[in-house]
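Peer 1: After the structure tokens below, expect a handful of questions from me.
The values are calculated or read from the model by the stated rules, or taken from the named source; none is laboratory data. Source: prediction; values computed, not measured. Reconstructed Cβ throughout: ideal geometry from the backbone, glycine too, with neighbour counts over all protein chains shown.
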Amino acid sequence: MLKSRVIYRVIYGDTDNMGYAYNANYLRWFEMGRGEMFRNMGLTYKDIEARGYYMPLSHIECKFLSPVKYDDLLTIETTLDTSFKGGMKFSYRILDEDGNIVRATGSSKHAFVDKNRKIVRPPVFVVDVIKKSLAGN
């Protein structure tokens, strides 16, 4: 499994009228974690799309465990399940600054499609980047 972490400070615009982080922002934070994981491996979504592939979301879930408020510093932990063969599966944990309190957990599954929107296996160049990253761990 591959794992990465990114830090994010909750901005005022992330909160709702009650002062808590609005629920849809957790999905944005998951996306941030995925993007940074790819970037850490030396590949970006932009690179993947430039080569004619896309990763549409096929499933997402989020479990809210502890409220998040304005100015909280969060750690977004993303794990890639490398045993998932038909696309990609990511797991997420949103943690407090120190990593002691789990604020939310979740997962997402993504298919791969080519430029014609046909479902395909993960492209070889993506698989190679993942294998290289696993070898470096």
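Peer 1: Tell me yes or no: at least one residue of the range 40-62 is modelled with pLDDT under 95 and of a type in the set (Phe, Trp, Tyr).
Peer 2: Within the range 40-62, one or more residues are modelled with pLDDT under 95 and of a type in the set (Phe, Trp, Tyr).
Peer 1: Please work out which one of (1) modelled with pLDDT of 95 or more; (2) surrounded by fewer than 18 Cβ atoms within 10 Å (Cβ to Cβ); (3) small (Gly, Ala, Ser) is the condition ALA135 fails and give its number.
Peer 2: Single failed check for ALA135: (1).
Peer 1: How many residues are in a helix (DSSP H, G or I) and either of a type outside the set (A, V, I, L, M) or closer than 21 Å to LEU57 by Cβ (or both) if we restrict to the range 93-137?
Peer 2: Result for the range 93-137: 10.
Peer 1: Going through the range 17-37 one residue at a time, which ones are at pLDDT 95 or above and out of contact with any strand residue (DSSP E or B) (no Cβ under 9 Å at 6 or more places or on another chain)?
Peer 2: Across the range 17-37, the qualifying residues are ALA24, ARG28.
Peer 1: Then there's this: Restricting the range 86-127 to residues that are at pLDDT 95 or above and acidic (Asp, Glu), which is surrounded by the fewest Cβ atoms within 10 Å (Cβ to Cβ)?
Peer 2: This residue is ASP114.
Peer 1: Can you name the condition, by its number, that TYR20 falls short on among (1) surrounded by 15 or more Cβ atoms within 10 Å (Cβ to Cβ); (2) of a type in the set (Phe, Trp, Tyr); (3) free of Cβ contacts under 8 Å to residues at least 60 places away in the same chain; (4) under 15 Å from ILE130 (Cβ atoms)?
Peer 2: (4)
Peer 1: Regarding the range 50-68, can at least one residue be identified that is of a type outside the set (D, E, K, R), in contact (Cβ under 8 Å) with a residue 60 or more places away in the chain, in contact with a Phe, Trp or Tyr (Cβ under 9 Å, 6 or more places away or on another chain) and not in a strand (DSSP E or B)?
Peer 2: no
Peer 1: If I filter the range 62-81 for residues that are farther than 30 Å from ASN17 by Cβ and of a type in the set (D, E, K, R), do I get at least one hit?
Peer 2: yes
Peer 1: Given the condition touching a Ser or Thr at 6+ places or on another chain (Cβ under 8 Å) and closer than 20 Å to MET41 by Cα, answer yes or no: does some residue in the range 53-75 qualify?
Peer 2: No, that holds for no residue.
Peer 1: Within the set of pairs 6+ apart or on separate chains, which have a first residue in the range 123-137 that is touching a residue at least 40 places away in the same chain (Cβ under 8 Å) and among the β-branched types (Val, Ile, Thr), a second that is assigned to a helix (DSSP H, G or I) and surrounded by 13 or more Cβ atoms within 10 Å (Cβ to Cβ), and C-beta atoms under 7 Å apart?
Peer 2: Once the first residue is touching a residue at least 40 places away in the same chain (Cβ under 8 Å) and among the β-branched types (Val, Ile, Thr) and sits in the range 123-137, its partners that are assigned to a helix (DSSP H, G or I) and surrounded by 13 or more Cβ atoms within 10 Å (Cβ to Cβ) give VAL126/ILE48.
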